[in-house]
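Encoded as structure tokens, the structure appears first; notes follow it.
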Amino acid sequence: MAYPTEYRYTKEHEWIAADGRIGITDYAQSTLGDIVFVELPAVGAELKAGESFGTVESVKAVSDLYSPVNGKVLEVNEALNSAPESVNADANATWMIKAEFDASQLESLLTAEAYEKFISEETGH
Amino acid sequence: MGDKFVGTPKKASVHVNQNEDLIFEKSSPGKKAYRLSELDVPAVDAAALLGDAVRTDLGVMPELSEIEIVRHFTRLSTWNYAIDLGMFPLGSCTMKYNGRVNELVARLEGLAEAHPYQPESLSQGVLEIMQVLSDSLLDITGMDSITLQPAAGAHGEFTGILLVRAYHESKGNPRKKILIPDSAHGTNPATAAVVGYQVQNLKSNAEGMVDLAELEKLVDEDTAALMLTNPSTIGVFESEIHKIADILHAKGALLYMDGANMNALVGKVRPGDFGVDVMHLNLHKTFSTPHGGGGPGSGPVACKKILEPFLPTPVLATKTDGTLTLDYNRPQSVGRVRAWYGNFGMFIRALAYILANGPDGLRQTTEDAVLNANYLRAKLEDVFDLPFKTASMHEVVFSDKLQAKNGVKTGDMGKRLLDYGFHAYTVSFPLIVAGAMMIEPTESESREELDLLVDALRQIAREAEENPELVKTAPHTTRLRRLDETTAARKPILRWKAPAASTPLTPDTAAKEW
Amino acid sequence: MRYLPKSPSDREAMLADIGAKSIDDLFSTVPAEYRLSRDLNVPRQHGEQEVIEHFKAFAEKNALGYASFLGAGAYRHYRPVLIDTVVSRGEFLTSYTPYQPEIAQGTLQALFEFQTMICELTGMEISNASMYDGSTGAAEAVMMAVRVTGRNGAVVARTVHPEYREVLTTYAQHQSIPKTEVDYDPATGRVDLAKLDAAITDDTACVLIQSPNFFGTIEDVAAIAEIAHKKGALLIVSIAEAVSLGIVKPPTEADIVAMEAQSFGVPVGYGGPYCGVIACKEKFLRQMPGRLAGETKDMDGKRGFVLTLSTREQHIRREKATSNICTNQSLVALMVTVFLTVYGKGLKELGEQNLAKAHYAAQTIGGTGKVLFGGAPRFNEFVLQGSKTAEVANAALLQKKIVGGLPLEKFYPELGPNASLWCATELTTRAQIDAAAEVLK
């Protein structure tokens, strides 16, 4: 699956859109396997770049979700409570939280191209 | 035989072995499996005595006769694998034979019915059992003092780290962090967190052992203790254990030993002699108390004199007249970790095991456990990758590296082992070995049984080359095939619910009404 | 040694296959100075008959053949024969945690049945597959409430079992959970509601009560729940005498029930192993500690059971786990499951017999002094304020091979030296009650 060029990425495998939507990458979902639960913060919670804002669980693993930016949680994707599998089905389209943040922070994040290069180095493919 | 059974329906074998319902589905109103003794005091009106607090409905509680209950649980039992059926090579779990005399003595009336608050004068027998077991465990570990109170291994870790904390507090500073190797059991970091410590990860060296240089770098005045498993989770003795202890002690930190692997040491080496300050034992591993499908366990904690004042209350003591007593007057104690004195029923079984073995039997047991693991290693190392070459003690850890090339993972081979009549080995642990296959045969296996396991694993290795699909879809011969754990976690069904009352009776359930 | 299945020649052949000269070669990684060069100082090897004789001798030094009125968290109830018939089957006794569900359906289905019956009896929506015991279960429930609410304090009734409260103190202090104790109303032996209300603050995560409480008195769970919930705290109800659930209304108003299921067919056994359980409202599932069995299907669509939601547990989450707990008490939970299956709806009749025996005992034995806390309903225990000290009374009773009630002064100094806690179950006979009353007269 291609990584949308309008998103920015982190080395912890999150993506963020200009409108503040944050999700995990297709690479992350495929590494985790069948996702069974997504634990998300409360609306209004503070976000700190590089710090955990929630967790994503597969049957036998738990991974932290790391915020790409400093900011605040505007909205959480409640649909994930009943349908966590949508992350596996389409990681690019399935956002987890929507953040209010200063857009200048996007500059320092990876572009789609840089992220793809990063994962190909990391996996050795 | 074809896939579908085409003979007379409701053949007994299908009915019995394939379709044992839940107990609630077998229940019919009006059946009973009990009869109380005749009431010898005046009956009472519960509603009058209890008022608003009286219960009127017991919901789906089952109603069956005795024979149906016996069959229900007997049928369920046949769906379990167990040590009594064959080898259980589950690494780090020490699935050894559970002597049957242990079960008999644990049920003796004066022991099974002893009340924890009965007077001490009428408890000397139970206290003596605790005393003899304590003394035996102290000599086995080379430690000075012990508590039997913890209910399981992880509970023992909790207690041990409480002792560590109390010790440092008595010196004026509880310190901040616990060092834990990346090869450790998951309970270790969880325990450190529960006792309020930060966990600092200690990376293993290329041989999977404690990296002394790294340890030296990390240990400082904030280090409360190192939690170490020895032999380590890769089944290897930490040869430089005394240097590890020295590095810790030089900074005032303590050495905690996870005793999960004591089956490699009993009668041969004593942790107290190589610098351990505090450790727990798993009576359900090393001392043969039954695992029972996942508990009960028992996790005594043994320690050096410096930690003795902090042991949980009460502590077993001897009075001047020679009788045994429980001492509650322990001002420096960490407090209680459990009501009463621990899983006493497990103390009986562990002591019965020690008595049946004696010093010679215990030493031979350890030697046989180590012999068995090394035998398996020698017979299998040409077909499976051995990530660490250091000599094995009581268990051997291979990896699936050679088989993974064909897409066959450790979990698949573990599942395939079920088809050959064995339980799986421990899959994917320790975490420092990618695709770990952790095999612990214990002393309870004969050479013949070991050879059967060797044959099975060699055959599976060949299957992984020639027919990987066969292994990847295993098991094939069990009553159920692979279960859908994903749906179980996404949409948890954690209890049975009666079908809605409006559901029309099917002919089958209607028949039950008669 | 009779447990070891190898002949001397097997050992030699195996060493040869390994390429070792002697067994000591296999211990070469152990530095020589740490190898034990003597026999262990443990009892000598015993034959099977000797082992049995040894333990019979221990057993005879205990209270064999005594009538007992002790309860206080460890209850004598009749154990149907089927319990040991089932748990003695090697397939249950010598199996492991069901990590390979294809060959552990027996254990898993039994645990699923256990969870269902616990839910039904407690009025909760979900139950775990058991934990160590009632005392640690109560402490785990408090830590769970802290995680659920994001608040930090615990308000605990003094009528909760004193040893449970001690265990909670040990756990809470390292989690920095402040604990406040609330006194009881001296007339009823129940939690003092006004004091409870005053003790709850904005940072109170939970209220922990026990019902029937340590005095045997049934708490007003609905009223306590209302007070707790009004202030945003959860209500945890600890149940130490599980047989009460046959006849006493379940604490449906609670958020979490932390139970000791020992009464359901588990030997009193000098305090363990017992069977703790946590049951709760479904919305707290993710914060509940301990193992869970769940229903699913296999590849062919057949119903089966697995351990599920294990991502909450220590082997995956490590230092971030909901608890460091690893084992449950599977075999003891199986005892409970068989007991509950044998009695089923008959738990009501069992509960009624307990009520009747305790009522008769309270009248008869109580007649030798005063029964405290008469203002509230009781199950099968009562507090006697005797005419003599409990110590003197119990010494006289022992002469008649009767173990009297538990002296309470150690736990509740304000009740004085004459107060003791008495229990009568379906196993207590009228003759025993009459004999005890005769001694105390």
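The values are calculated or read from the model by the stated rules, or taken from the named source; none is laboratory data. Just so it is clear, the model here is predicted, and its values are computed rather than measured. Reconstructed Cβ throughout: ideal geometry from the backbone, glycine too, with neighbour counts over all protein chains shown.
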Legend entry - Selection from the range B:442-475 of residues that are in a loop (DSSP other than H, G, I, E, B) and either closer than 30 Å to B:N261 by Cα or of a type in the set (A, V, I, L, M, F, W, C) (or both): B:T442, B:E443, B:S444, B:E445, B:S446, B:A474, B:P475
Inset, instruction - Name every residue in the range C:239-262 that is within 10 Å of chain B (Cβ to nearest Cβ), of a type in the set (A, V, I, L, M, F, W, C) and touching an Asp or Glu at 6+ places or on another chain (Cβ under 7 Å), in order of residue number. - result: C:A240, C:I247
Inset, instruction - Identify the residue in the range B:214-243 that is touching a Ser or Thr at 6+ places or on another chain (Cβ under 8 Å) and in a loop (DSSP other than H, G, I, E, B) and, among all such residues, is farthest from B:S399 (Cα to Cα). - result: B:S239
Inset, instruction - Starting from the range C:1-24, take each residue that is more than 7 Å from every other protein chain (Cβ to nearest Cβ) and list its partners that are modelled with pLDDT under 95 and in a loop (DSSP other than H, G, I, E, B), counting only C-beta distances under 7 angstrom and pairs at least six apart or across chains. - result: none
Legend entry - Of the criteria (1) out of contact with any Ser or Thr (no Cβ under 9 Å at 6 or more places or on another chain); (2) of a type outside the set (S, T, Y); (3) surrounded by fewer than 19 Cβ atoms within 10 Å (Cβ to Cβ); (4) facing chain B (nearest Cβ under 8 Å), which one C:A356 fails: (3)
Inset, instruction - Please tell me if B:V397 is part of a strand (DSSP E or B) and in contact (Cβ under 8 Å) with a residue 12 or more places away in the chain. - result: yes
Inset, instruction - For B:A250, state whether it is modelled with pLDDT of 95 or more and surrounded by 15 or more Cβ atoms within 10 Å (Cβ to Cβ). - result: no
Legend entry - Members of the range B:476-514 found to be among the hydrophobic types (A, V, I, L, M, F, W, C), part of a loop (DSSP other than H, G, I, E, B) and modelled with pLDDT under 95, listed by number: B:L480, B:A498, B:A500, B:A501, B:L505, B:W514
Inset, instruction - For residues that are among the β-branched types (V, I, T) and either more than 7 Å from chain C (Cβ to nearest Cβ) or under 16 Å from the mean Cα position of the chain (by Cα) (or both), scanning just the range B:75-107, find the one that is surrounded by the most Cβ atoms within 10 Å (Cβ to Cβ). - result: B:T94
Legend entry - Candidate set: the range B:282-314, residues that are in contact with a strand residue (DSSP E or B) (Cβ under 7 Å, 6 or more places away or on another chain) and closer than 19 Å to B:L351 by Cβ; chosen: the one surrounded by the fewest Cβ atoms within 10 Å (Cβ to Cβ): B:A302
Legend entry - Residue tally, condition within 7 Å of another protein chain (Cβ to nearest Cβ) and either of a type in the set (S, T, Y) or assigned to a helix (DSSP H, G or I) (or both), over the range C:89-111: 16
Inset, instruction - Quick one: in the range A:33-89, of everything that is among the charged types (D, E, K, R) and in a loop (DSSP other than H, G, I, E, B), which residue is surrounded by the most Cβ atoms within 10 Å (Cβ to Cβ)? - result: A:D34
Inset, instruction - Report yes if some residue within the range B:154-172 is away from chain C (no Cβ under 11 Å), assigned to a strand (DSSP E or B), buried (at least 22 other Cβ atoms within 10 Å of the Cβ) and of a type in the set (V, I, T); otherwise report no. - result: no
Inset, instruction - Can you tell me which residue within the range A:90-105, out of those that are over 14 Å from the mean Cα position of the chain (by Cα) and among the hydrophobic types (A, V, I, L, M, F, W, C), is surrounded by the most Cβ atoms within 10 Å (Cβ to Cβ)? - result: A:F101
Legend entry - Flag if A:E46 is under 26 Å from A:E122 (Cα atoms) and not aliphatic (A, V, I, L, M): no
Inset, instruction - Might you let me know whether the range C:396-415 holds any residue that is under 17 Å from C:P186 (Cβ atoms), of a type outside the set (A, V, I, L, M) and modelled with pLDDT under 95? - result: no
Inset, instruction - Report yes if some residue within the range B:36-45 is within 8 Å of chain C (Cβ to nearest Cβ), touching a residue at least 60 places away in the same chain (Cβ under 8 Å), farther than 30 Å from B:S232 by Cβ and charged (D, E, K, R); otherwise report no. - result: no
Legend entry - Among residues of the range B:133-145, those that are of a type outside the set (D, E) and within 7 Å of chain C (Cβ to nearest Cβ), counted: 2
Inset, instruction - Examine the range C:345-352 for a residue that is in contact with a Leu (Cβ under 9 Å, 6 or more places away or on another chain), hydrophobic (A, V, I, L, M, F, W, C) and surrounded by fewer than 24 Cβ atoms within 10 Å (Cβ to Cβ), and state whether such a residue exists. - result: yes
Legend entry - Every pair of residues 6+ apart whose Cβ atoms lie under 6 Å, when the first sits in the range B:197-212 and is more than 21 Å from B:L163 (Cβ to Cβ) while the second is among the polar types (S, T, N, Q): B:S204/B:S183; B:E207/B:T390; B:D211/B:N205
Legend entry - Only listed residue being closer than 30 Å to A:S82 by Cα, more than 14 Å from chain A (Cβ to nearest Cβ) and out of contact with any Pro (no Cβ under 7 Å at 6 or more places or on another chain), chosen from B:T473, B:T486: B:T473
Inset, instruction - List the number of the failed condition for B:N263; all other conditions in (1) surrounded by fewer than 24 Cβ atoms within 10 Å (Cβ to Cβ); (2) of a type outside the set (G, A, S); (3) under 19 Å from the mean Cα position of the chain (by Cα) hold. - result: (1)
Inset, instruction - Please determine, by comparing only the residues of the range B:53-74 that are closer than 19 Å to B:S28 by Cβ and of a type in the set (G, A, S), which one is surrounded by the fewest Cβ atoms within 10 Å (Cβ to Cβ). - result: B:S65
Inset, instruction - Considering every residue within the range C:65-77, establish whether at least one is crowded, with 17+ Cβ neighbours inside 10 Å, at the interface with chain B (Cβ under 7 Å from one of its Cβ atoms) and in a helix (DSSP H, G or I). - result: no
Inset, instruction - Just give me the residues in the range C:263-297 being assigned to a loop (DSSP other than H, G, I, E, B), within 11 Å of chain B (Cβ to nearest Cβ), under 24 Å from C:T341 (Cβ atoms) and touching a helix residue (DSSP H, G or I) at 6+ places or on another chain (Cβ under 7 Å), in sequence order. - result: C:V266, C:P267, C:G272, C:P273, C:Y274, C:C275
Inset, instruction - Answer yes or no as to whether C:L421 is at pLDDT 95 or above, over 20 Å from B:Y117 (Cα atoms) and outside the structural domain of C:R190 (by TED's automatic domain parsing). - result: no
Legend entry - Residue in the range B:247-270 that is nearest to B:G142 (Cα to Cα), counting only those that are in contact (Cβ under 8 Å) with a residue 60 or more places away in the chain and touching a strand residue (DSSP E or B) at 6+ places or on another chain (Cβ under 8 Å): B:K268
Inset, instruction - Among residues belonging to the range B:466-486 that are surrounded by 15 or more Cβ atoms within 10 Å (Cβ to Cβ) and more than 27 Å from the chain's Cα centre (by Cα), point out the one that is nearest to C:M124 (Cα to Cα). - result: B:K472
